[in-house]
Amino acid sequence: MASTKTVTAKRSARKSRPDVGVRIAWTELSVRGVRILQVPALSKLSWLIHGFSTKPGGVSDQNGERVLSLGFTEWDTKDNVLENRRRFQSALGASDLQLVSLKQIHSDVIRLFDAAPSQSCQGDASVTNRPGLLLGVQTADCVPILLVDPKKRAVASIHAGWRGTLQRIVVKAIGQLQMHFKSKPGDLFAAIGPSIGGCCYEVGTEVATQFLSQFAEAPEWFDEFRTGDEPNPIQWLNMMPPGHQPPPKNVLLDLRKANRAQLLGAGVRASNIFVSGLCTACRRDLLFSYRKEGPQSGRLLSVIGLR
Ligand SMILES: [Zn+2]
């Protein structure tokens, strides 16, 4: 894997990163002002519906701007969110599918759905092989991941923040697809949607320590805040006696890299993994970022389902 650690954090945001995954061009479906990001390899499957929402085209009033916020928040009305969801599903050609949205709790709880649940259900990933359900994951910085098994016609939607990533939720979701539908990881397609990038996602070193204790590749997922061209960006990770080198308070975590590595480790082919390079914190014109907007942030919705 090529290293990009010699560039500063700021510059690395603009530099293309061949190691971050297959960066084929994503496409944009634009319908009546609603703009939805899609992966061409998934759009080709006529029986599948998928998409990652963006900010424009909605009725929610976010500080005077009309936005497509697809999750319920304190600052927005329920009617606005329902109208936004109606627009989003209509743009996708999925008006007749039932949206299944979990109460997300940053866990590794995965739900199997045979039908739409009658009441709200907690968890951070869902799987199904039933047509008519649209599995949704809400995010505003965290990583939304959609999986599809084109052979068994089964799908999964996954919410992976740092806690879910640390708990290997994407690997566990693949395990559920294997267990319930006999999916083979080598057949799966995975789309890693827009999320906060390694350019902007600052976490405490205690988070880094947890990753480092569990994943051999974890040093590749972290970068240090730097202003110059320091040769060893993760010097603080070395076993240095206390007092010799003050560790930084915060580091940058690339959750996309971490989840892509987990997908590869689970047996998904590199050529079947599609990673959006869009950063929610950098692209506030197009996306929502909780880190940048705080409680006033909207919610993106990523969905996958069988017609
Ligand atoms: Zn960024």
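Does residue 72 satisfy the condition of being of a type in the set (Phe, Trp, Tyr), assigned to a helix (DSSP H, G or I) and modelled with pLDDT of 95 or more?
Working: of a type in the set (Phe, Trp, Tyr): yes; assigned to a helix (DSSP H, G or I): no; modelled with pLDDT of 95 or more: yes.
In short, no.
Quick one: which residue in 155, 203 is within 16 Å of the ligand (Cβ to nearest atom) and part of a strand (DSSP E or B)? If you could, list the steps in order and put the result at the bottom.
Details: 155 fails: within 16 Å of the ligand (Cβ to nearest atom).
The unique qualifying residue is 203.
Every residue in segment 72-86 that is surrounded by fewer than 21 Cβ atoms within 10 Å (Cβ to Cβ), of a type outside the set (Phe, Trp, Tyr) and in contact (Cβ under 8 Å) with a residue 40 or more places away in the chain, please.
Hits for segment 72-86 are 73, 74.
Here is a list of conditions, (1) over 29 Å from residue 34 (Cβ atoms); (2) surrounded by fewer than 24 Cβ atoms within 10 Å (Cβ to Cβ); (3) within 19 Å of the chain's Cα centre (by Cα), and residue 177 meets all of them except one; can you say which number that is?
Unmet for residue 177, out of (1) over 29 Å from residue 34 (Cβ atoms); (2) surrounded by fewer than 24 Cβ atoms within 10 Å (Cβ to Cβ); (3) within 19 Å of the chain's Cα centre (by Cα): (2).
Residue by residue, here is whether (1) of a type outside the set (Lys, Arg); (2) closer than 21 Å to residue 164 by Cα; (3) touching a strand residue (DSSP E or B) at 6+ places or on another chain (Cβ under 9 Å); (4) within 16 Å of the ligand (Cβ to nearest atom) holds:
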{"residue": "251", "(1), (2), (3), (4)": "yes, yes, yes, yes"}
{"residue": "254", "(1), (2), (3), (4)": "yes, yes, yes, yes"}
{"residue": "274", "(1), (2), (3), (4)": "yes, yes, yes, no"}
{"residue": "283", "(1), (2), (3), (4)": "no, no, no, yes"}
{"residue": "296", "(1), (2), (3), (4)": "yes, no, yes, no"}
{"residue": "299", "(1), (2), (3), (4)": "no, yes, yes, no"}
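Between residues in segment 183-207 that are under 18 Å from residue 150 (Cβ atoms) and among the polar types (S, T, N, Q) and residues that are more than 15 Å from the ligand (Cβ to nearest atom) and not in a strand (DSSP E or B), which pairs lie under 8 Å by C-beta distance while being six or more apart or on different chains?
Listed pairs, sorted by first residue: 183/151; 183/152; 183/174; 183/177.
Here's a check for you: in segment 168-200, which residue that is in contact with a helix residue (DSSP H, G or I) (Cβ under 7 Å, 6 or more places away or on another chain) and part of a helix (DSSP H, G or I) is farthest from the ligand (Cβ to nearest atom)?
Of everything passing the filter in segment 168-200, 185 is farthest from the ligand (Cβ to nearest atom).
Quick check: is even one residue across segment 138-151 more than 19 Å from the chain's Cα centre (by Cα) and either at pLDDT below 95 or part of a helix (DSSP H, G or I) (or both)?
So in segment 138-151, the residues more than 19 Å from the chain's Cα centre (by Cα) come out as 150-151.
Retained after the next criterion (residues that are either at pLDDT below 95 or part of a helix (DSSP H, G or I) (or both)): none.
No, segment 138-151 contains no residue that is more than 19 Å from the chain's Cα centre (by Cα) and either at pLDDT below 95 or part of a helix (DSSP H, G or I) (or both).
The values are calculated or read from the model by the stated rules, or taken from the named source; none is laboratory data. If you're wondering where the values come from, they're calculated on a predicted model, not measured in any experiment. Cβ: placed from backbone, ideal geometry, glycine included. Neighbour counts: every protein chain shown.
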